[in-house]
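Quick note: the coordinates plus some simple rules give every number you see, no bench work behind them. In this text the structure is predicted, and so the values were computed from the model without any measurement. Glycine also receives a Cβ, built like all others from the backbone with ideal geometry; neighbour counts cover every protein chain displayed.
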Amino acid sequence: MNTDTKRRVFLKGSLAAGTVGVAVTAGLLTPQTVLAAWPEKAFHAKKTDEALSNSLGSGTTEASDKIKIKAPDIAENGAVVPVTVSSDLPGVENIAILSSANNTPLLAVYNLGKNTMANVSCRIKMAKTGDVIAVVKSGGKLYANRKSVKVTIGGCGG
Amino acid sequence: MAKSSIKIRAKAKGGVTTVKCLINHPMETGLRKNKKTGKMIPAHFITDVVAKHNDAEVLSAQWSGGISKNPYLAFKFSGGAKGDPVSIAWTDNQGKSDSATAKIK
């Protein structure tokens, strides 16, 4: 390697380091967001099984009526659909909430502590009429249940 | 400090603590257009939420832009006595964060 190429390499390196530095100061890459394992692939997935395998490790689920989904039958405003997911299954580790009608179906993943009960509530956005899917991970297996919600005004974009 | 973006209500009853919380946040998906300018509104939503009881994590959540504006979160855990602190912290995709602590009633 002659001096000229070395200089090239050095310049490239410092340039790359420079952009990272700018990103950090601009608040785009704070240490927290880098460390947090937000599964971007899962949240950007367009299919429910793809979203699940990227977030909970498997795309196959078993239907279970031990998962209860409390959601309205008809939601007037798709921007705010209250959903409560609870389950009688033992040792629930994760709960994922998906909406089949949304562009990116995965909405939320909850990781439960060992004393936490399988009962979480939140409000979700639904693009149009579709199913709310709740997936529960218990003992390494995935169980799912769904409930159809009719949406009169969509809540994603506009 | 400005007023916290998080409201927490925690109640213990029969050995079970119910925590309800409301967070003030726009939760923009990044898919909406500003009607006046026709430009896309950039995505701005909470990605991570962590709830702790006595400094032990009881629930963590990962959210997408598909969670409604000013998100509501409720959950239950066993244990927890009156006066114990419950804290909730969030981080969004723009690197902003906030946290709040409340005592169990």
How long is the gain from B:L22 to B:I41 if the chain were fully straight, where each residue apart is worth 0.36 nm and the alpha carbon distance is subtracted? 4.5 nm
How high is the relative contact order of the range A:38-153, in percent, counting Cα pairs under 8 Å that sit 6 or more residues apart? 32 percent
Under a 10 Å cutoff between Cα atoms, tell me which one of B:P71, B:P26, B:P42 has the largest fluctuation in the Gaussian network model of chain B. B:P42
Between B:K13 and B:A100, what is the label-to-label distance in nm when each label sits 7 Å out along the Cα-to-Cβ direction? 2.1 nm
Please list, by residue number, everything in the range A:97-134 whose backbone N is under 17 Å from a paramagnetic label point 7 Å out along Cα→Cβ of B:R32. A:103-104, A:123-128
Modelling each spin label as a point 7 Å along the Cα-to-Cβ direction, I'd like the A:K68/A:D49 distance in nm, to one decimal. 3.1 nm
Neighbour cut-off at most 13 other Cβ (10 Å), DSSP loop, trypsin sites (Lys or Arg not before Pro), the range A:68-158: A:K114
Inter-label distance, nm, simple model (7 Å from Cα along the C-beta direction), B:N70/A:T129: 3.0 nm
